[in-house]
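The values are calculated or read from the model by the stated rules, or taken from the named source; none is laboratory data. On a predicted model such as this, the values are computed, not experimentally measured, just so you know. So basically every Cβ, Gly included, is an ideal-geometry build from the backbone, and we count neighbours across all protein chains shown. To get the accessible areas, we keep the full protein, side chains included, count just its heavy atoms, and leave off ligands, DNA and RNA. Shrake-Rupley method; radii C 1.70, N 1.55, O 1.52, S 1.80 Å.
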Amino acid sequence: NSKLRHVEKDVLIPQIMRERAKELCSEKVQAFTKCCQETGLLMVVKCRQENSALKDCLVGYYSDPLFYEECKTEYLKQREEYRATGIKKKRQKLTSNV
């Protein structure tokens, strides 16, 4: 059964989209983060270009219907596995070297 509840359409699938988009835009995330760390309080002014590039990258994915369908398919696969096994799959987080 692939019928989606409101919370799945409006919360859970967009959450997967955000996580995947961040991974796919990781270069721009890193450039913006680096700029902010180096600039301090002036980051609002000095990091506009990096912020704009990051936003453009993320919004490009958020507004792509094919990307939404990919993430929906991924979500449905996870939901099916959970229903079959009762084991919730943890999303792999990007971790920095500690």
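Quick notes on this structure:
- Taking every alpha-carbon pair under 8 Å whose residues sit at least 6 apart, the chain reaches a relative contact order of 31 percent.
- Using a Förster distance of 41 Å, the FRET efficiency for Glu69-Leu42 (Cβ separation, nearest 0.05): 0.50
- Taking only the C-alpha atoms of region 36-77, the Rg (one decimal) and the largest Cα-Cα distance, Dmax (whole number), read 15.5, 44 Å.
- In degrees, nearest ten, helix 26-39 long axis to first principal axis of the chain (Cα): 40
- At the residue level, Ile87 shows approximately 120 square angstrom of accessible surface with a 1.4 angstrom probe and all protein chains present.
- Degrees, to the nearest 10: 48-62 long Cα axis against longest axis of the chain: 10
- Three principal axis extents describe the C-alpha atoms of region 1-82; from largest down they are 51, 23, 20 Å.
- Per-residue Karplus couplings for region 65-74, computed as 6.51 cos²θ - 1.76 cosθ + 1.60 with θ equal to phi - 60°, are listed in order as x, 5, 5, 4, 4, 4, 5, 5, 4, 4 Hz, Gly and Pro entered as x.
- In this label model, Leu4 and Lys88 are separated by 2.0 nm, measuring between points 7 Å along each Cα→Cβ vector.
- The accessible area of Val11, taken with all protein chains in place and a 1.4 Å probe, comes to roughly 70 Å².
- For the pair Lys34 and Lys55 in one chain, pulling the backbone fully straight at 0.36 nm per residue adds 6.0 nm over the alpha carbon distance.
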